[in-house]
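What follows is a set of notes on a single structure, which appears directly below.
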Amino acid sequence: MEKVPIRVRITEDAAVEAGAVYSDLEPSLRSLEAGLRRVIRGNGESVHFALVALLAHGHLLIEDVPGVGKTTMAHALARSLNCTFHRIQFTSDLLPSDVIGISIYNQHLGTFEFKPGPVFANVLLADEINRTTPKTQSALLEAMNEGQVTVDNRTYRLPDPFMVIATQNPVEHHGTYPLPESQLDRFLMRIRMGYPGMEGERDIVRASRNGDEMEAVKPVATAEEVRLLQDSVHSVAVEEPLVSYMLAIVNRTRQHENLALGVSPRGSQALYRAAQALALLEGRRYCIPDDFKRLAVPVFAHRVVVSSRYASTLKKSEQAESVVREILETTEVPL
């Protein structure tokens, strides 16, 4: 396939600004990555993508079967940041007020006082999010999209940075409620842990004999450092041919015969930010086509809806990933 040539150009001011911030904060970023890799073994790509979600100021959905390290990944990332952290174990009887908080009447003052819920944290671990009802799931919509919650007609801002790391078992498992499209669209990425290789699992088994490895995970980045890193992502250069390449992929998801619903504009913005974050994570001040190709499936697959006419032996989530990969393989790539 013929490739369209692309030339990377970065303005001097942007290069200086991005370079200065990244140089100062790179040690913290590398320590953060190294700490995660000590706990999550044999899943290098999932660690990389989790950090991309953090840098892109997005939320992360980790979906896989029980026992492959979903909660461990989320907990390790939260412990690596010197920020406030809350964990919610989602169950079928959980109420929206258990997530965002509730107003309680103060008899002494004669007024209602708002008691913040666990959502008021820099990092929120929503464990097994698809085991709770859609009503409780929807309590996170405003928080994830706007960084605020509204209770009794009053709006309360959430801490900055704010990141939701949610885990879920595949919807084919019993006792789960599939996340609606509006909820899925709030997640920057959906990743899978997958089973580790034989050597990776050997390391996991051996490490388990030495006690709780999570205790060895120490905070290596403050909330302010995370904010600076997130701000520096915007300085990463993205050339117009790459934007056109991304939009061509998006447009094909909206026209593909096997998809009933394509990628939304929020999805386009998500891939753009994620590509910038991946470039920064890998020490570059500019994006390349491979950034978009690597991220298209984790950023887009959970945003599309497979048509009922699409006959396949794959699960629905795997069908969506298969269609996105097909689109990637047949879309012209800038050189």
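The values are calculated or read from the model by the stated rules, or taken from the named source; none is laboratory data. None of these values were measured; they are calculated from a predicted model. Here the Cβ positions follow ideal geometry from the backbone for every residue, glycine too, while neighbour counts run over all protein chains shown. The area values use the complete protein model at the heavy-atom level, side chains included, leaving out ligands, DNA and RNA. Shrake-Rupley method; radii C 1.70, N 1.55, O 1.52, S 1.80 Å.
What residue, among those in region 49-93 that are of a type in the set (A, V, I, L, M) and part of a loop (DSSP other than H, G, I, E, B), is farthest from R285 (Cα to Cα)? Out of the qualifying residues, it is V65. Condition test on N106, is it at pLDDT below 90 and within 30 Å of P196 (Cα to Cα)? Judged against the criteria, N106 is not a match. Residues in region 111-138 that are under 27 Å from T72 (Cβ atoms) and of a type in the set (D, E, K, R) were compared, and the one that is least open to solvent (accessible area, probe 1.4 Å) is D127. S46 meets all of the listed conditions (1) in contact with a strand residue (DSSP E or B) (Cβ under 6 Å, 6 or more places away or on another chain); (2) under 22 Å from V119 (Cα atoms) but one, namely (2). Scan region 7-28 and give yes if some residue there is open to solvent by 30 Å² or more (accessible area, probe 1.4 Å), assigned to a helix (DSSP H, G or I), at pLDDT 80 or above and more than 25 Å from V243 (Cα to Cα), otherwise no. The answer is yes, given that some residue of region 7-28 is open to solvent by 30 Å² or more (accessible area, probe 1.4 Å), assigned to a helix (DSSP H, G or I), at pLDDT 80 or above and more than 25 Å from V243 (Cα to Cα). When the residues of region 139-153 are filtered to those that are among the charged types (D, E, K, R) and modelled with pLDDT of 90 or more, the one that is least open to solvent (accessible area, probe 1.4 Å) is E142. Within region 154-179, being assigned to a loop (DSSP other than H, G, I, E, B) and modelled with pLDDT of 85 or more holds for L158, P159, D160, P161, F162, L179. Across region 266-311, which residue is surrounded by the fewest Cβ atoms within 10 Å (Cβ to Cβ) among those that are in contact with a strand residue (DSSP E or B) (Cβ under 8 Å, 6 or more places away or on another chain), of a type in the set (G, A, S) and farther than 16 Å from L61 by Cβ? Among residues in region 266-311 that are in contact with a strand residue (DSSP E or B) (Cβ under 8 Å, 6 or more places away or on another chain), of a type in the set (G, A, S) and farther than 16 Å from L61 by Cβ, the one surrounded by the fewest Cβ atoms within 10 Å (Cβ to Cβ) is S308. Just one of the listed residues (S46, S92, S31, S23) is without any contact (Cβ under 8 Å) to a residue 24 or more places away in the chain and polar (S, T, N, Q), namely S23. For region 247-259, indicate whether the set of residues that are part of a loop (DSSP other than H, G, I, E, B), touching a residue at least 40 places away in the same chain (Cβ under 8 Å) and closer than 12 Å to F300 by Cβ is non-empty. Yes, because at least one residue in region 247-259 is part of a loop (DSSP other than H, G, I, E, B), touching a residue at least 40 places away in the same chain (Cβ under 8 Å) and closer than 12 Å to F300 by Cβ. For region 298-305, the count of residues that are free of Cβ contacts under 8 Å to residues at least 12 places away in the same chain and either over 30 Å from R79 (Cα atoms) or in contact with a Pro (Cβ under 9 Å, 6 or more places away or on another chain) (or both) is zero.
Within region 244-254, the set of residues being within 23 Å of the chain's Cα centre (by Cα), open to solvent by 30 Å² or more (accessible area, probe 1.4 Å) and closer than 20 Å to A279 by Cα comprises L247 only. Return yes when A74 is at pLDDT below 85 and surrounded by 23 or more Cβ atoms within 10 Å (Cβ to Cβ) and no when it is not. Yes, satisfied. The set of residues in region 218-246 being in a helix (DSSP H, G or I), aliphatic (A, V, I, L, M) and under 19 Å from G283 (Cα atoms) consists of V226, L228, L229, V233, L242. The residues in region 312-331 that are open to solvent by 40 Å² or more (accessible area, probe 1.4 Å) and farther than 15 Å from L259 by Cα can be counted, and the count is 3.
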